[in-house]
Amino acid sequence: METVLRALEPYKHFDPAGWVNLFRFFPVWAGVVVALVGVGLLFRGGGLLFRAVAGPLGLVIGQIWIGPLAVRLGFQAMQQQIALGASALLCLLGFVMPASTVFFGFGIPIGLMAANLAGPDWLLGFVPAFIIGGAVGVVLERPVSVLLASVAGGWLTVMGLMAALSGVASGLVERLAGNWPAAVSVASLFAVAGFGYQIFVLPPPEKASQLKREKAMAKQAAAEKRALEKRWANYTKDEGKE
């Protein structure tokens, strides 16, 4: 757990160079797995697969943002315990109710941005922005879930590839690691491509389920028709013998 906390520490504030160093925490085999997970999120992460994505995303949301919230609320001494408890709860909620991940993943950063603008009275800025931002995220669950999955997928793909290639192309990987705008740009291109594919090419989950049901019904109707034709052929054959 300590390694996970160290890996996620730069994500608690604006530290792009630290974000890129996440790949250093993955061995080569884990980099391959992470890259494959990232590609899966880019192609299918916003659909039926989002339930499996929402749990881990809830865990990450808890680790990155709940700690700073606890400090602002005056619970600095219990920051780590609160973050761990909230992470476990958000992870469970993500698996059970994927919309909760959209709510918190959309609402917390918007609330924090509003809190920074509010200054000393940060709660007056955070609370309404958090609620409104989370509600908007839930209303727009389909595009927001695809966006979250695509952003996570793009970043995991880049981090996984950097870890997987660190042993065979260390020079290239280190150059990319030392130039965080390039790494972010590559991940952003992956994310945009994944978002466009899932929104404009893949049918929504509801439509996909409907098409699957219609296909199953058509297959069943065809089987019943063949069975009826076979029975009729046998009947006429028997009639002809008489």
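The values are calculated or read from the model by the stated rules, or taken from the named source; none is laboratory data. Because the structure is a prediction, the values reported are computed rather than measured. Cβ atoms come from the backbone with ideal geometry, glycine included; neighbour counts cover every protein chain shown.
Some points to look at:
- Residue among Val192, Val158 that is modelled with pLDDT of 90 or more, surrounded by 20 or more Cβ atoms within 10 Å (Cβ to Cβ) and out of contact with any strand residue (DSSP E or B) (no Cβ under 7 Å at 6 or more places or on another chain): Val158
- A count restricted to the stretch 37-59 and to residues that are in contact (Cβ under 8 Å) with a residue 60 or more places away in the chain, within 21 Å of Phe26 (Cα to Cα) and among the hydrophobic types (A, V, I, L, M, F, W, C) stands at 6.
- With respect to the conditions (1) under 30 Å from Val20 (Cβ atoms); (2) at pLDDT 85 or above; (3) within 29 Å of the chain's Cα centre (by Cα), Pro128 lacks only one, and its number is (1).
- If you go through the stretch 34-45 and pick out every residue that is at pLDDT below 85 and crowded, with 22+ Cβ neighbours inside 10 Å, you end up with 1.
- When Ala135, Ala99, Ala115 are screened for being assigned to a helix (DSSP H, G or I), under 14 Å from the mean Cα position of the chain (by Cα) and either in the same structural domain as Phe190 (by TED's automatic domain parsing) or at negative phi (or both), only Ala99 passes.
- The set of residues in the stretch 46-92 being crowded, with 21+ Cβ neighbours inside 10 Å and of a type in the set (Phe, Trp, Tyr) consists of Phe50, Trp65.
- Residue match in the stretch 164-171 (condition: free of Cβ contacts under 8 Å to residues at least 12 places away in the same chain, under 28 Å from Asn21 (Cβ atoms) and assigned to a helix (DSSP H, G or I)): yes
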